[in-house]
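Visitor: Attaching a single structure in structure tokens format; questions to follow.
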Amino acid sequence: MFDAAGLTGHCEIDGIMNFFRASVIALIFLLAAGFSAQSQTPAEKPAGPLKAVAVLHPTAGSKVSGTVTFTEEADGVKVRAEITGLTPGNHGFHVHEFGDCSAADASSAGAHFNPTHKPHAGPDTPERHVGDMGNVQADASGKATLEYVDHQISLTNDERSAIGRSVVVHAKADDLKSQPAGDSGARVACGVIGRAKNQ
């Protein structure tokens, strides 16, 4: 005997199942398209050049303080320093290997930053410590400013990166030749180099 009601119910179930399968397939295609579009979106570039900053604090018995900025440029890293509280004349000025200024004499900053194992020299010498930035010259009031482009320091994630290191200012001039550190005397200020917010 022919059951019209049963056939109708069976057709309705088949219709619902077909609709469900079509919906699932459509959803899979939409998700796949979304992931594909997302993977093709280029990575966002930084708003500006990479920049880092070190705020210098005096060591025990010193009054030296200041700020040193590092800004990425096409042909190197621009170093700009503004320092006060110095005795008049030249003072050794270096990036040191550790970002640790906790010791009273800043000995915790370690030696000059020298990942390439070169001899100590001046900032314009090809064979030098990466951290060799030469001297800052203080005027009669004890203020020193310096601006130059360094061709060995890096701000990217490589062996020459100054990020996480420290800047140290010394009591005496760096003679740019004595090993291992230019005979520049005690450490009078130290600041850890950290990534700066891009403007």
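Visitor: Considering region 158-199 alone, what residues qualify as being in contact (Cβ under 8 Å) with a residue 60 or more places away in the chain, of a type in the set (Gly, Ala, Ser) and closer than 17 Å to residue 115 by Cβ?
Guide: Correct list: 162, 164, 166, 181.
Visitor: Mind telling me which of the residues 86, 56 ends up being buried (at least 20 other Cβ atoms within 10 Å of the Cβ), in a strand (DSSP E or B), in contact with a strand residue (DSSP E or B) (Cβ under 7 Å, 6 or more places away or on another chain) and in the same structural domain as residue 191 (by TED's automatic domain parsing)? Full working, then the answer.
Guide: Values: 86 fails: in a strand (DSSP E or B).
Step by step, each of 86, 56 is checked, and only 56 is buried (at least 20 other Cβ atoms within 10 Å of the Cβ), in a strand (DSSP E or B), in contact with a strand residue (DSSP E or B) (Cβ under 7 Å, 6 or more places away or on another chain) and in the same structural domain as residue 191 (by TED's automatic domain parsing).
Visitor: Still on this structure, please answer the following. Can you tell me which of (1) assigned to a loop (DSSP other than H, G, I, E, B); (2) in contact with a helix residue (DSSP H, G or I) (Cβ under 8 Å, 6 or more places away or on another chain) is the one residue 174 doesn't meet?
Guide: (2)
Visitor: More than 16 Å from residue 84 (Cα to Cα) and in contact with a Pro (Cβ under 8 Å, 6 or more places away or on another chain): which single residue out of 158, 183, 150 fits that description?
Guide: Numbers: 158 fails: in contact with a Pro (Cβ under 8 Å, 6 or more places away or on another chain); 183 fails: in contact with a Pro (Cβ under 8 Å, 6 or more places away or on another chain).
After applying the criteria, what remains is 150.
Visitor: Being crowded, with 18+ Cβ neighbours inside 10 Å, assigned to a loop (DSSP other than H, G, I, E, B) and either out of contact with any strand residue (DSSP E or B) (no Cβ under 9 Å at 6 or more places or on another chain) or among the acidic types (Asp, Glu) (or both) is the filter here, so list the residues in region 102-132 that pass it.
Guide: 128
Visitor: Okay, moving on. Only residues that are assigned to a strand (DSSP E or B) and in contact with a Gly (Cβ under 6 Å, 6 or more places away or on another chain): list them for region 139-156, please. Can you show your working first?
Guide: Filtering region 139-156 for residues assigned to a strand (DSSP E or B) gives 144-150, 154.
Residues satisfying the conditions are 149, 150.
Visitor: Here is a check on your reading of the model: is residue 110 under 18 Å from the mean Cα position of the chain (by Cα), of a type outside the set (Phe, Trp, Tyr) and at pLDDT 60 or above? Let's see the steps before the verdict.
Guide: Numbers: under 18 Å from the mean Cα position of the chain (by Cα): no; of a type outside the set (Phe, Trp, Tyr): yes; at pLDDT 60 or above: yes.
Considered against the rule, which asks whether it is under 18 Å from the mean Cα position of the chain (by Cα), of a type outside the set (Phe, Trp, Tyr) and at pLDDT 60 or above, residue 110 comes out as no.
Visitor: Scan region 75-89 for residues that are small (Gly, Ala, Ser) and closer than 20 Å to residue 195 by Cβ and jot them down.
Guide: Start the filter on region 75-89 by keeping residues that are small (Gly, Ala, Ser), which leaves 76, 81, 85, 89.
76, 81 - these are the residues of region 75-89 that are small (Gly, Ala, Ser) and closer than 20 Å to residue 195 by Cβ.
Visitor: Of the residues 124, 75, which is over 22 Å from the mean Cα position of the chain (by Cα), modelled with pLDDT under 95 and of a type in the set (Asp, Glu)?
Guide: Details: 75 fails: over 22 Å from the mean Cα position of the chain (by Cα).
Among 124, 75, only 124 is over 22 Å from the mean Cα position of the chain (by Cα), modelled with pLDDT under 95 and of a type in the set (Asp, Glu).
The values are calculated or read from the model by the stated rules, or taken from the named source; none is laboratory data. Since the structure is predicted, the reported quantities are computational estimates derived from the model, not experimental observations. When we count neighbours, we look across all protein chains shown, and the Cβ atoms used for this are built from the backbone with ideal geometry, even at glycine.
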